[in-house]
1. Which order do the peptides 203-210, 220-227, 111-118 come out in when sorted by mean C-beta neighbours inside 10 angstrom, highest first?
2. What lysines does Lys379 reach when the alpha-carbon gap must be under 16 Å and sequence neighbours fewer than 8 apart in one chain are set aside?
3. If you stretched the chain out fully between Tyr259 and Asp289, how much longer would it get, using 0.36 nm times the residue separation minus the C-alpha to C-alpha distance?
4. Based on the alpha-carbon set only, what is the convex hull volume of the stretch 138-395 divided per residue, in Å³?
5. What's the ranking of 343-352, 231-240 by average number of surrounding C-beta atoms within 10 Å, highest first?
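FYI, it's all coordinate maths here, none of it is from the lab. Just so it is clear, the model here is predicted, and its values are computed rather than measured. When we count neighbours, we look across all protein chains shown, and the Cβ atoms used for this are built from the backbone with ideal geometry, even at glycine.
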Amino acid sequence: MEWMNYRDALLKIMNLLNRMMDYLSPVLLSGFPAFESASMSTVRRFEHGAIGMCIILLVCLWGCSTASYITRMGVGQARVLLFSRPNTEILKDPEVSQETKDRIKFVLEVKRYAEERIGLEKTENYSRYFQVDDNGLLFVVSACRKDSLIPYQWTFPIVGKMSYKGFFRGEDAQREREKLEREGFDTCLRRASAYSTLGWFKDPIFSTMLHNERAVIAQIVIHELAHATVFIEDHLDFNEQMATFIGNQGAIDFFSECYGRDATDYRIACSVLDDDLLFGQFVDGVCRDLRDLYSRDISREEKLTSREGHFQKVKEGFRQLKVKFKTPLYLGFEDEELNNAILLSYWQYIGGLKLFKGLHHALGDDWGKMIAFLKEVEKSGEDPRESVERVIKDTGRRVPSGPLPRSSGFAITGERLAKEFW
């Protein structure tokens, strides 16, 4: 069977699984009369059966060689599917705080705007709510060689090469990190407050998303919806930077149009984009200098010694830069124990943001044209960064400073990831 036919078949199976989750969740979790007297073992059999279906499906996707990892991820994703609750139920629940209810309504407001005004894919994402326990939602591991800025990569079908690996359990992520460090890699371990399944499942509103400022919540929602709209295989950095820009600028447009430019949330959203662009350019320069260092014709030991001095200079440069920040988002960078993996984890999301700002401006600040262009790039198989650079060059329009003006007409992110490094 051809790969695309295989992929289509898997999508149909996943859609069926989603429908089953819609049926099972209220039956098992909402006191459906027919099951009020069911024993716990009956409930667990339903739960384990659903989880088993996820595991089998994911093993088919990624192969038996990673069965242990797939099993753990399958269990985690199945629990998200099974134990997420419909928003309608949450909004009626007297045990849920009014603040949580208001923020769920806000997420839905942002989602509608992103679909109708930015032109992102209409999905059933965020129609349910998942309460994350105290252990955290997702732990993400990345790694990089010590003598180059070439990230360690894992390869999966559908999404292609990925330079990070997610875990639902912190101890599993820590073991992966320690394994990579024993192999001689720099590593980074961080928490994520949200993630996207790229349209394979209906992503819920995670409670961890709602712990942020409204401006950041808007960025997270739009960022993740951008992933469900465009995701180019084997170009993870491009995907994340694209989603970060769409999330940031989309949030600015949302608050500008729906709440006005005098709103505090609008000013915060503008400040976040300004800081992302400023720090992103700083990280771009740091990575460029490191690449020059690692490309020199010197021994590995000399490179490792030289990079420590370079990291110290980076800290000194940051202390001069931080006085220009408008938000506290990146102030923790000064306390980081820098290595290649940590620097790349920043660059992956905010490096190259000016490229996407330039694309948006080159296309007349028109979201419809930008999303349509990115979808064409996704289909073309061309290098996406080169395609964007070509459009910017052909138009010859200079990239403006500061936030872009809001788009007009009714067809106008990382996810803001909390930078919690371990």
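1. Highest mean packing first, the order is 220-227, 203-210, 111-118.
2. Partners within reach: Lys369.
3. 6.6 nm
4. Normalising the Cα hull of the stretch 138-395 by residue number yields 149 Å³.
5. Per-residue mean Cβ counts within 10 Å order the peptides as 343-352, 231-240.
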